[in-house]
Each structure stands twice: as structure tokens, then as C-alpha cells.
């Protein structure tokens, strides 16, 4: 075979493999756990993802979503990285679906914040001297005796303790022989009945079981007591079944309709164990009374619309002909968002496409500057590793004390702010006991 023919053959094998490549298709995907549920079977990836709420697994065994790329909810904040003094707590989220998840605020996959589980760390205590030995626990034969000590020299601090045992035990002997009284062993198994199934009108025979006075054997010097009671017990054979009749399956019934109207679903067949039914302890029919198969409805499932982020606020305009620029007079403004990616008769986005708001127009206004309050401490950045820090800042902002509202989100436009003599400030502090980064934290 020459090289051209060989190449065509190999290309044909590659194309055939890529076309016939299958995935395990699941009818549910959990955004919170990233796990697939309810395996439907092995189908082509395109058929499986006709329904965006489905999930699939390829050869690597990782569950993936058929839907658009979406962030999971943040996990609860984890345990503090150290049990005492300052450490950090982390929470995570994952991106599931086809494409890349939007991250306009650059929050990433990991967030980290300081925590203090306990203000102080435990300080170990010290043991006192051992106390005197107590009396032997028996008056004949061999026993034990004990002595104790206390964790008090010094007393432990902040939840500390003493390492080692508070009590010490040692064997002791009275050098006096004790009598041994006899004890019954456990009953043996019931003897076999002469028949294995019950015939009506006959009395069952007895079955027997025995035990021995050997647990322990009574002593002779000094003499112990023998066991009381009989070493044999009998009872009528009971619980004998009627002679059994094994069951057998009837014919399979027809298939149920496909469980979905789009994408991949399931349909079932049933049969009944009635040809004949099992009776008198006879064996049930072997195998399953129901079998499930895959069905494919080659129709794309609806994809509901999803709101985009709100756009920027439009210009702040007066409600009438009066001028509101640089005035303590309210105006009005609007912003919009888009309903994206609605396909195949999916539901439209729920809510308003336009939002109206009140505002003050300070575009180009000459305004005195003031220092803002300190911002909240940021999360630890980066969220893992030994160089993680927090920051907070104070900035020079426009003085809005003369306005009716002190809500800065209502102010629109870029004023000329006089910041002479005002020094903006930024503070940093290290985050302590931050875990090392994992390979996928910043993929």
C-alpha cells in the first residue's frame, strides 16, 4: 500500500471515529454540585445537548453541562485555616456549561477573607504527683488496683490539657483461691427436622438442641456450684413451608411513549410474574420486570432568555424646562438591558427591560472636595498563597452636603472637584495563614 492510499485510509478511520464518538447522556445536571444525574445511555453529544438542561460525560469521566456557561453559587465559607489566632476562610464557585462565564467584576473562582476561630492558642498543663494506690478490687483471686493524678501543676490555659493518662491500673493478687461456679455454654443449633415442607393434617416431629456446663466448668477445690436446669430442650418443628411453586414470566408488554418531547429520553416495557405466580415460598421470577431503553426526539429543546447586565445610566435630564445642572433639583434618567440567547420558543426574560431612576446632574460643576469614609476591607488578594493582602482606601470625592439626598449613586456626571490639600490614602495589611494555591484556582 503506497503512502497516499495509507493516508486516505487513516483519514477515513479518523473521520469515522470522530463521527461515531459517543458520550454518556444524563437527563439532569446540578449547577451547585457539578454532577450529572439519571443516566439515559450512550448517544452522540449533539443529540444529548438538544436539551440544554442535560449533562454528559466524555472518556475522561468529568460531568459537563449542555447549557450556556453559567457560574455556580458561591460555596459556604470554609473552616478557618487555623484553629487559633488569625487565619483565613475561603469560598469557591465553578463555571459550568459551553463557553466562558462572564466575570465583569473580576471575582474569579476563589474568594478569601480573614477569620479568628479563637483569640488564644491552648497552653498545655502539667500533672501532679501520683496519689496512693487504692485497695485491690477483689477479696479472692486476682484483681486490679488504681491510683490517680490531677492536671493542676500548672493548670492548662485556653482549652489546653495534659498529655497522658489521669489514672493508672496495675494487677494485684489476694493469694486466696476463689471457687468457680459452673455456667452454661450457649445453646447449640436446633437439630434437623425429618421433612423440608409441611403436609396438611400431620403433626410435625420434635427438634432438639443441647448445651453443656462448661462456661466455666465448676471447680472441685474449693467446690463450685453446678449449673442449674436441663441440658436438653425440644420443640415441635415449626415454620415449615408448604411445598414451593416457582414463578415464571409472562410476555413483555408494548413500549411506553418516549418520556420527552425533545432531545434524549427513555421508554420502558413491563412484564408480569404470573405464568404461574410463585406460591408457598417458591422462587420469584429471575430478572427484572421492567426494562428501559433510549429514545431520541430530534428537536431542539427551548432555551429561555437571560438578562444581560444593566447598561450605563443615560444622561440625567430635567423633568420640565427648568435647569437642574449644579442645582439641588432632582432629574430623571434611564438605563436598559437586553434579553439574550432566547431560542426554540424558550420563555422570554421575566421583568422590565428599562429601569427609571431619580438623579442630580453635576456634569462640569465646580465642587469642593472631601475625604470619603474608609472603604470596607477588601477580600484577600490573591485568594491563596503567602503574598495575599487586604486593602482599604479613602478618596477625594465631591462634597454633596448641600443636596437633599446623600446617596452618591444618584449623582450623574463628572464635576470639577477641588481636592487641594486633601491626601487620598490606601492601607494594606497581610492576610495570615492563607492556604497554598491549587492547580485549578486560576485556570
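The values are calculated or read from the model by the stated rules, or taken from the named source; none is laboratory data. Predicted model, so just to flag it, every value in this text is computed and none were measured. Glycine gets a Cβ as well: all are built from the backbone with ideal geometry, and neighbour counts include every protein chain shown.
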- On the given criteria, is residue 107 more than 27 Å from residue 438 (Cβ to Cβ) and free of Cβ contacts under 8 Å to residues at least 24 places away in the same chain? no
- Could you tell me whether residue 89 is modelled with pLDDT under 90, buried (at least 16 other Cβ atoms within 10 Å of the Cβ) and closer than 30 Å to residue 123 by Cα? no
- Among the residues of segment 208-225, which ones are at pLDDT 80 or above and either touching a strand residue (DSSP E or B) at 6+ places or on another chain (Cβ under 9 Å) or loosely packed, with under 11 Cβ neighbours inside 10 Å (or both)? 208, 209, 210, 211
- Message: Is it the case, given these coordinates, that residue 145 is at pLDDT 85 or above, touching a strand residue (DSSP E or B) at 6+ places or on another chain (Cβ under 7 Å) and surrounded by 13 or more Cβ atoms within 10 Å (Cβ to Cβ)?
- Response: yes
